[in-house]
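Nothing in this text is a laboratory measurement; each read-out follows from the coordinates by a stated rule. Because the structure is predicted, anything quoted here is derived from the model rather than measured. Methodologically, a virtual Cβ is constructed for each residue, glycine included, from the backbone with ideal geometry; neighbour enumeration extends over all protein chains shown.
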Amino acid sequence: MKSTVYYWNLRASMKAPADQRLRRMLKVAKVNEHLSSGDLAAVKVHFGEAGTTGHIQPLYYKPILDFLAKAGARPFLTDASTLYVGQRGEAVSHSLVAARHGFDPNILGAPVIIADGLKGADQKALPVKGKHVQKAFIAAAIAEADFLVAVSHVKGHELAGFGGCLKNVGMGCASKKGKMQQHVTTGPELKGENCVGCGACVKACAAGALSVKAEKAAINLKKCVGCGACFLACRHEALTINWQTNITEFMERMMEYAAAVLLNRTKPSAHINFLTNIVPDCDCMGFTDAPICPDLGILVSLDPVAVDQASVDLINKAQPLYPSALPAMLKPGDDKFLALRPHMPKDMGLDYAEKLGLGSRDYKLVEV
Ligand code: SF4
Ligand code: SF4
């Protein structure tokens with residue numbers, strides 16, 4: 001059966017401004033019908049790594065939070081700690097990044113709660129019937145929340161190819177231990193001839209798996225947790241992933257985590273995908289590159305697979321933008337995510353998500 005995905009193309013007017021349009025989308029998707037008075041509603045956010053500008057801006061959250069509060073819920077903004085060494089690796093720095101990026105409870109009417117506690121160890125073990133994962137470690141505040149709204153900035157992603165709702169839920173709602181369990185297959189390969197011995201990867205590696213000896217990086221794979229931070233830190237293309245052997249399993253583990261988060265809940269969750277600032281890489285990168293296509297709109301659905309499939313389809317249909325990281329000569333309709341990362345599976349993991357029972361790739365788009 002086709003799932004419904006509601007779509008707003010970002011056109012607005014004095015009579016129908018953005019906040020009103022967003023609340024209307026949630027109403028037509030009947031999100032309020034799944035909320036009970038007093039529900040603690042987790043709104044899963046990516047606050048943006050320090051230095052990024054492409055993440056969803058805080059004022060876009062206001063109508064979503066107002067809608068939830070009007071339906072009787074008590075919403076809070078939340079994310080879990082990262083594995084890599086950055087500004088979001090523990091709750092103190094993470095909360096400060098959120099504050100610096102304008103997530104102010106006095107303005108938004110909802111507090112920021114880092115879901116996996118001070119050091120990323122506050123977690124719940126949830127069952128999942130996966131090929132690789134049977135017990136998933138999910139950030140406690142998200143696992144315990146009565147309702148979940150995943151608000152996802154859609155863009156390319158250096159490890160997952162495409163970053164949308166299922167990436168935000170699967171990886172983003174996992175505790176540090178849960179993130180390690182997903183990344184365990186993605187250790188680095190060293191191209192020694194490119195290494196200049198700068199040591200940037202050593203500083204980025206929280207696991208102490210990297211060192212520089214005789215002006216070349218060295219890896220202790222026994223210590224590596226596969227977080228990917230060193231790939232982001234190296235500016236000399238000296239560290240890469242062995243994509244052929246690892247990427248499919250990595251994607252499957254991430255989808256299994258999304259299943260653990262969503263299929264253990266008693267109520268459906270709401271999924272809001274922002275197709276704005278559609279850049280080639282994740283908001284974890286510490287910079288924001290030029291977009292690969294124009295802003296396209298906002299999608300709302302109760303089906304996380306359908307909302308991601310609709311996002312991929314709309315982006316691939318759109319006019320490619322240049323200058324950008326896209327290879328030249330793409331036309332509307334060409335697959336932008338595969339053009340950026342040809343090693344990725346064409347379905348971006350959505351086929352396996354569907355098999356896990358997370359939702360349907362078959363959808364109907366309804367303009368609101
Ligand atoms: S060596 Fe392993 S643990 Fe260290 S940053 Fe790279 S991927 Fe992460
Ligand atoms: S960041 Fe890259 S170039 Fe610098 S030491 Fe590490 S592998 Fe070598």
Checklist entry - Each residue of segment 67-76 in order: what ³J(HN,Hα) in whole Hz does its phi give by Karplus 6.51 cos²θ - 1.76 cosθ + 1.60, θ = phi - 60°, with x for Gly and Pro? => result 4, 5, 5, 5, 7, x, 7, 10, x, 9
Next on the checklist: For the chain, take the longest principal axis of its alpha carbons; what is the angle in degrees between that and the long axis of helix 243-263, to the nearest 10 within 0 to 90?
Outcome noted: 30
Checklist entry - Taking a ≥ b ≥ c as the square roots of the eigenvalues of the Cα gyration tensor of segment 262-347, is the shape rounded (a/c under 1.5), prolate (a/b larger than b/c) or oblate? => result prolate
Checklist entry - Once phi is turned into ³J(HN,Hα) by the Karplus curve 6.51 cos²θ - 1.76 cosθ + 1.60 with θ = phi - 60°, what whole-Hz value does each residue of segment 195-201 show in order, with x for glycine and proline? => result 6, 9, x, 6, x, 4, 5
Checklist entry - Lys/Arg Cβ at +1, Asp/Glu Cβ at -1, dipole of the chain taken about the Cα centre: which of Ala318, Val307, Met1 is farthest positive-ward? => result Met1
Next on the checklist: Once each part is reduced to its C-alpha centroid, what is the distance from segment 11-76 to segment 284-357 in angstrom?
Outcome noted: 23
Next on the checklist: Can you find, among Ala12, Val149, Tyr363, the residue sitting farthest towards the positive end of the charge dipole of the chain, where Lys and Arg contribute +1 and Asp and Glu -1 at Cβ?
Outcome noted: Val149
Checklist entry - Per residue and in cubic angstrom, what volume does the convex hull of the Cα atoms of segment 316-357 have? => result 74
Checklist entry - Going toward the positive end of the dipole of the chain, with +1 on Lys and Arg Cβ and -1 on Asp and Glu Cβ, which of Ala98, Leu296, Leu330 do you reach last? => result Ala98
Item to check | Only Lys, Arg (+1) and Asp, Glu (-1) charged, at Cβ; segment 188-239 dipole about Cα centre in debye | outcome: 180
Checklist entry - Where a Cα-Cα gap under 27 Å defines reach, which lysines qualify for Lys213, not counting those fewer than 8 residues away within the same chain? => result Lys191, Lys203, Lys222, Lys223
Next on the checklist: Give the aspartates and glutamates reachable from Lys119 as a straight Cα distance under 12 Å; neighbours fewer than 8 places away on the same chain don't count.
Outcome noted: Glu90
Checklist outcome for this item: Going fewest to most other Cβ atoms within 10 Å around each Cβ, Ile247, Ile272, Ile107 line up as Ile107, Ile247, Ile272
Item to check | P(r) histogram, all alpha-carbon pairs of the chain included - 20 Å bins from 0, percent | outcome: 30, 60, 9, 0
Checklist entry - If we count every other residue with Cβ under 12 angstrom of Thr288's Cβ, Lys/Arg +1 and Asp/Glu -1, where does the sum land? => result -3
Next on the checklist: Just to be sure I understand: of the beta bridges DSSP finds with both ends in the chain, what percent are antiparallel, rounded to 5?
Outcome noted: 50
Next on the checklist: Rounded to the nearest 20 debye, what is the charge dipole size of the chain about its Cα centre when +1 sits on each Lys and Arg Cβ and -1 on each Asp and Glu Cβ?
Outcome noted: 380
Checklist entry - For the residues Met180, Met254, Met1, Met329, what sequence is obtained by ranking on other C-beta atoms within 10 Å, fewest first? => result Met1, Met329, Met180, Met254
Checklist outcome for this item: For segment 188-239, Rg(Cα) over 2.2 N^0.38 Å is 0.96
Checklist outcome for this item: Neighbour-count ranking for Phe67, Phe287 (other C-beta within 10 angstrom, fewest to most) reads Phe287, Phe67
Checklist entry - What 222 nm value per residue comes from the helices of the chain, counting each DSSP H run with n ≥ 4 as -39,500 (n - 2.57) and dividing by all residues, nearest 500 deg cm²/dmol? => result -8000 deg cm²/dmol
Checklist outcome for this item: With +1 on the Cβ of every Lys and Arg and -1 on the Cβ of every Asp and Glu, the dipole magnitude of segment 1-80 about its Cα centre, in debye rounded to the nearest 20, is 460
Checklist entry - Which pairs in the list Lys2/Lys355; Lys167/Lys355; Lys44/Lys267; Lys15/Lys44; Lys155/Lys267; Lys15/Lys62 are over 23 Å apart, alpha-carbon to alpha-carbon? => result Lys15/Lys44; Lys155/Lys267
